[in-house]
Amino acid sequence: MNSGERVLQGRGPLRLLPFLGPAFIAAVAYVDPGNFATNIAGGSKFGYTLVWVIVASNLMAMLIQTLSAKLGIATGRNLAEVCRDEFPRPLTVGLWLQAEAIAIATDLAEFLGAALGMHLLFGIGLLVSAFVTAIAAFAILGLQRFGFRPLEAVITAIVLAIGLCYVIELFKSRPDFAAVGRHAVVPGFEGRESVLLAVGILGATVMPHVIWLHSALTQDRIVPQDDAQARRLMRFTKIDVVIAMAVAGLINAAMLVMAASTFFRAGRHDVGSLEGAHETLTPLLGGAASAIFAIALLFSGLSSSAVGTLAGQVVMQGFIRRQIPIVVRRAITMAPAFLVIGLGADPSHTLVLSQVILSFGIPFALVPLVWFTSRRDVMGILVNARATTAAAGVVAAIIVALNVFLLTQAF
């Protein structure tokens, strides 16, 4: 019996442990600094109105990440590799180029957020913070030398630490939970700006680069030997996804609820930047609250930046069978953030814009994912049920429609 069979045939409550991890790597992208920027803006300007957007986005994320993980398990290939094998060469190259562009936009938000968190926490200059952040980011990526499990463990711990920070923030802000519950299930908008922010929240929540990455995290982690093992592995993988995405969704909701119950309630509807949120928290909730906010932002940026770099490696290897040293990729993707800081651009505004850009990359990853997972010749026994394909198709249509609406509003 090989190691994969032993894991799949395990018994007892601890049998889940070998399957937990990949979804937490993906979940980091759902609590990155872009989420901080869009959620703080949404909560401070519109109160609890947009909580339902986070709930809906998180449900979409659970479905999407389950499909991505399933593709890796069923085919032993990641999404980029399947695209390379199934699509014509020109289309493959086009998909690769847009995925690389999205990866750069992603890393801009994540690295910039980490540098901003360090700047707010320690009071050092933003440029110096960026250099310190770069060193920390390289250290996290260095964990790969010891395999994926240490990296998964560290990133899972960071996600839980971010969650703990927001549990404390919620306790301090004392939200109206009845209103939160109502807005979580009742959709609504308050004008055009709230719609644009909703699209930004969607772009910050459903991240295209982890659609590419998640299939790579599961493609050869545990290899099932027969259909029964494949089904069992998929059941455990779904649990991993639900737990990780639920944690990420609760953190996102906590961000917006904290902003609504603190800033919106106090009449501070203009708190649209992370610096403004940090500064305003001190007089409203005390210095500890602002420090906790900065710690959460720093942890978020460091972990999500590392995950973004991993996704970039997967995309390049999958589409064109090429790789560059991860240190070189890390340096290249950090360059735009240093440029933004050097030019003196508003970090928070840049973060929000990057999230809107990211929403346009979602269909290019999501549509191929839905198409491939609906094909029995690709997926075998793990092919989507018709209801799953229908639900995924609706999700893709909603996202594309929102992007078209944003374009018409912008131009």
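The values are calculated or read from the model by the stated rules, or taken from the named source; none is laboratory data. Quantities reported herein were computed from a predicted structural model and do not represent experimental measurements. Neighbour counts run over all protein chains shown; Cβ positions are idealised from the backbone, glycine included.
Remarks
- Screening L302 against (1) within 18 Å of the chain's Cα centre (by Cα); (2) surrounded by fewer than 17 Cβ atoms within 10 Å (Cβ to Cβ) leaves a single unmet condition, (2).
- Residue in the range 263-276 that is surrounded by the fewest Cβ atoms within 10 Å (Cβ to Cβ), counting only those that are under 23 Å from the mean Cα position of the chain (by Cα) and assigned to a helix (DSSP H, G or I): E275
- In the range 337-396, the residues that are modelled with pLDDT of 90 or more, under 16 Å from Q98 (Cβ atoms) and aromatic (F, W, Y): F364
- Filter result (more than 14 Å from F299 (Cβ to Cβ) and buried (at least 24 other Cβ atoms within 10 Å of the Cβ)) within the range 109-127: A109, L112, H119
- Counted residues, the range 96-124 - those being touching a Gly at 6+ places or on another chain (Cβ under 9 Å) and among the aromatic types (F, W, Y): 2
- The set of residues from the range 141-167 being more than 19 Å from L20 (Cα to Cα) and more than 22 Å from the chain's Cα centre (by Cα) comprises just one member, R145.
Residues are listed down the side, and each one gets a yes or a no for (1) among the charged types (D, E, K, R); (2) closer than 19 Å to I201 by Cα; (3) under 22 Å from the mean Cα position of the chain (by Cα); (4) at pLDDT 90 or above:
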{"position": "R235", "(1), (2), (3), (4)": "yes, no, no, yes"}
{"position": "N252", "(1), (2), (3), (4)": "no, yes, yes, yes"}
{"position": "V257", "(1), (2), (3), (4)": "no, yes, yes, yes"}
{"position": "H278", "(1), (2), (3), (4)": "no, no, no, no"}
{"position": "M316", "(1), (2), (3), (4)": "no, no, yes, yes"}
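- One residue alone among V242, V180 is more than 18 Å from the chain's Cα centre (by Cα), more than 25 Å from I102 (Cβ to Cβ) and of a type in the set (V, I, T), and that residue is V180.
- Selected residue (only one of V210, V242 is under 23 Å from A396 (Cα atoms) and buried (at least 24 other Cβ atoms within 10 Å of the Cβ)): V210
- Residue satisfying condition, being touching a Lys or Arg at 6+ places or on another chain (Cβ under 7 Å) and under 22 Å from S305 (Cα atoms), within set L141, L213: L141
- Single match in V180, V210, V167, V195 (criterion: at pLDDT 95 or above and among the hydrophobic types (A, V, I, L, M, F, W, C)): V180
- Screening D240 on (1) farther than 23 Å from A114 by Cα; (2) out of contact with any helix residue (DSSP H, G or I) (no Cβ under 7 Å at 6 or more places or on another chain) shows it passes everything except condition (2).
- Some residue of the range 49-60 being part of a helix (DSSP H, G or I), closer than 30 Å to D377 by Cα, modelled with pLDDT of 90 or more and aliphatic (A, V, I, L, M): yes
- For the residues L50, L59, the requirement of being closer than 30 Å to D176 by Cα, surrounded by fewer than 18 Cβ atoms within 10 Å (Cβ to Cβ) and not small (G, A, S) singles out L59.
- Selection of the range 307-337 for residues being surrounded by fewer than 17 Cβ atoms within 10 Å (Cβ to Cβ) and under 28 Å from P347 (Cα atoms) yields V327, V328, A331, I332, A335.
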